[in-house]
Amino acid sequence: MSEQRTVAVIGLGIMGGPMAANLVRAGHDVIGYNRSREKVDALVAQGGRGAGSVAEAVTGADVVLTMLPDSPDVEGVAGDLLANARPGALWIDASTIRPDVAARLNGAATERGIRMVDAPVSGGEAGAVEGSLSIMVGGTAEDVEAARPVLDAVGSTIVHVGPAGSGQTVKAANQLIVAGTIQLVAEALVFLDAHGVDAEAAVEVLAGGLAGNRILDRKAAGMIAGDYTPGFRVDLHHKDLGIVTSAAREAGVAIPLGAVVAQLMGALRARGHGSLDHSALRLLVEELSGLK
Ligand code: NAD
């Protein structure tokens with residue numbers, strides 16, 4: 001059987017747009033839908049097809065990939081998606097949403113004869129453009145295997161982590177680590193600046209030692225330049241830290257550092273910076289230090 005599929009992509013934003021383009025490049029027949037039409041036109045210019053509604057996009061698709069901001073957005077399209085997708089179609093939700101919502105949607109899909117996996121991603125816009133995302137997949141072994149040819153076109157590390165919803169649990173842990181690491185890098189950069197040390201030289205040597213990490217590699221240059229073009233918006237990371245905080249509470253797990261970072265991300269957003277990249281946590285450190 002050919003590995004080429006008709007793939008409907010719902011949500012063509014920072015992540016969904018380049019993921020759809022990579023699916024086209026891999027030879028899939030891609031039909032995209034986005035709330036704002038110009039994103040659909042961009043996909044058509046890259047060789048995909050455009051749809052005017054969720055129903056139009058999913059009718060006749062073998063695979064439906066959703067890449068939407070938050071749980072209510074995915075729940076909002078679920079009705080039309082499940083009513084119009086053909087029985088046996090596979091729904092891959094790559095959005096970052098609440099694990100309990102992912103598990104519930106999986107149940108609703110199964111009832112309608114639609115297979116579903118939760119497949120949130122990590123790697124940011126650069127990973128989406130390069131097709132090198134890390135993808136944490138929850139669902140049955142059969143459904144995850146069925147999703148693999150499509151996921152291979154957008155990611156390079158694809159791991160089945162457990163039953164429905166567990167991909168989202170792993171993604172929540174990912175977001176906890178990323179937020180905490182950005183905060184520490186932000187504090188280190190402001191600290192280095194305050195001592196008049198050359199931040200670029202400092203980052204070069206820090207990146208080679210035990211303090212080395214992907215945030216230093218991918219975000220420090222922008223943070224040093226004060227360039228907070230998203231990337232990953234503060235609004236979205238605030239949403240994710242809400243997911244982490246409530247899921248940790250449900251499990252009775254203490255995440256004291258995570259809770260502080262969640263508060264800091266919320267404060268950054270409350271100060272009007274929700275549409276900046278999450279590396280703008282540096283701005284808040286500067287403000288708290290009386291430097292802005
Ligand atoms: P985005 O806001 O850039 O894209 C979302 C897109 O969905 C927008 O184009 C919007 O118009 C569209 N949309 C919203 N509601 C819709 C609806 N009902 N029907 C059709 N289209 C609709 O967000 P993004 O950065 O691409 O993030 C998408 C998801 O991926 C989020 O859950 C986010 O947490 C996750 N994520 C983002 C990154 C990143 O670096 N940006 C990395 C990993 C995971």
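Things to note:
- Exclusive hit being closer than 25 Å to residue 15 by Cβ and surrounded by fewer than 18 Cβ atoms within 10 Å (Cβ to Cβ), set 196, 212, 222: 222
- Flag for residue 266 being small (Gly, Ala, Ser) and outside any loop (DSSP other than H, G, I, E, B): yes
- Considering each residue of the range 101-122 in turn, at least one proves to be outside the structural domain of residue 256 (by TED's automatic domain parsing), away from the ligand (no atom under 14 Å from the Cβ), modelled with pLDDT of 95 or more and at positive phi.
- Qualifying positions in the range 55-65 - touching a Phe, Trp or Tyr at 6+ places or on another chain (Cβ under 8 Å) and farther than 21 Å from residue 151 by Cα: 56
- Conditions (1) within 21 Å of residue 60 (Cα to Cα); (2) part of a helix (DSSP H, G or I); number of the one not met by residue 102: (1)
- First in the range 207-233 and among the acidic types (Asp, Glu), second anywhere and in a loop (DSSP other than H, G, I, E, B), Cβ under 6 Å, 6 or more apart: none
- The combined condition, being outside the structural domain of residue 101 (by TED's automatic domain parsing), touching a Leu at 6+ places or on another chain (Cβ under 8 Å), of a type outside the set (D, E, K, R) and assigned to a loop (DSSP other than H, G, I, E, B), is fulfilled by residue 212.
- Residue match in the range 7-19 (condition: away from the ligand (no atom under 14 Å from the Cβ) and either touching a helix residue (DSSP H, G or I) at 6+ places or on another chain (Cβ under 9 Å) or in a loop (DSSP other than H, G, I, E, B) (or both)): yes
- Pairs linking a residue in the range 115-140 that is in contact (Cβ under 8 Å) with a residue 12 or more places away in the chain to a residue that is away from the ligand (no atom under 13 Å from the Cβ) and of a type in the set (Phe, Trp, Tyr), with Cβ atoms under 6 Å and 6 or more positions apart or on different chains, are 116/91.
- Taking the criterion of being over 20 Å from residue 231 (Cα atoms), assigned to a helix (DSSP H, G or I) and of a type in the set (A, V, I, L, M), the residues of the range 116-168 that qualify are 141, 144, 146, 147, 150, 151.
- Restricting attention to the range 43-60 and to residues that are within 18 Å of residue 19 (Cβ to Cβ) and not in a helix (DSSP H, G or I), the residue that is farthest from the ligand (Cβ to nearest atom) turns out to be 47.
- Considering residues of the range 61-84 that are more than 19 Å from the chain's Cα centre (by Cα), within 19 Å of residue 139 (Cα to Cα) and within 15 Å of the ligand (Cβ to nearest atom) only, the residue surrounded by the fewest Cβ atoms within 10 Å (Cβ to Cβ): 82
- Entry remark, the range 225-234: residues being assigned to a helix (DSSP H, G or I) and surrounded by fewer than 18 Cβ atoms within 10 Å (Cβ to Cβ) number 1 in total.
- Every test in (1) without any contact (Cβ under 8 Å) to a residue 24 or more places away in the chain; (2) more than 21 Å from residue 125 (Cβ to Cβ); (3) more than 16 Å from the ligand (Cβ to nearest atom) is passed by residue 199 save one, and that test is (1).
- Index of the failed condition, residue 187 passing every other in (1) within 16 Å of the ligand (Cβ to nearest atom); (2) surrounded by fewer than 23 Cβ atoms within 10 Å (Cβ to Cβ); (3) closer than 29 Å to residue 223 by Cβ; (4) touching a residue at least 24 places away in the same chain (Cβ under 8 Å): (1)
The values are calculated or read from the model by the stated rules, or taken from the named source; none is laboratory data. These figures come from a predicted structure and were not determined experimentally. So basically every Cβ, Gly included, is an ideal-geometry build from the backbone, and we count neighbours across all protein chains shown.
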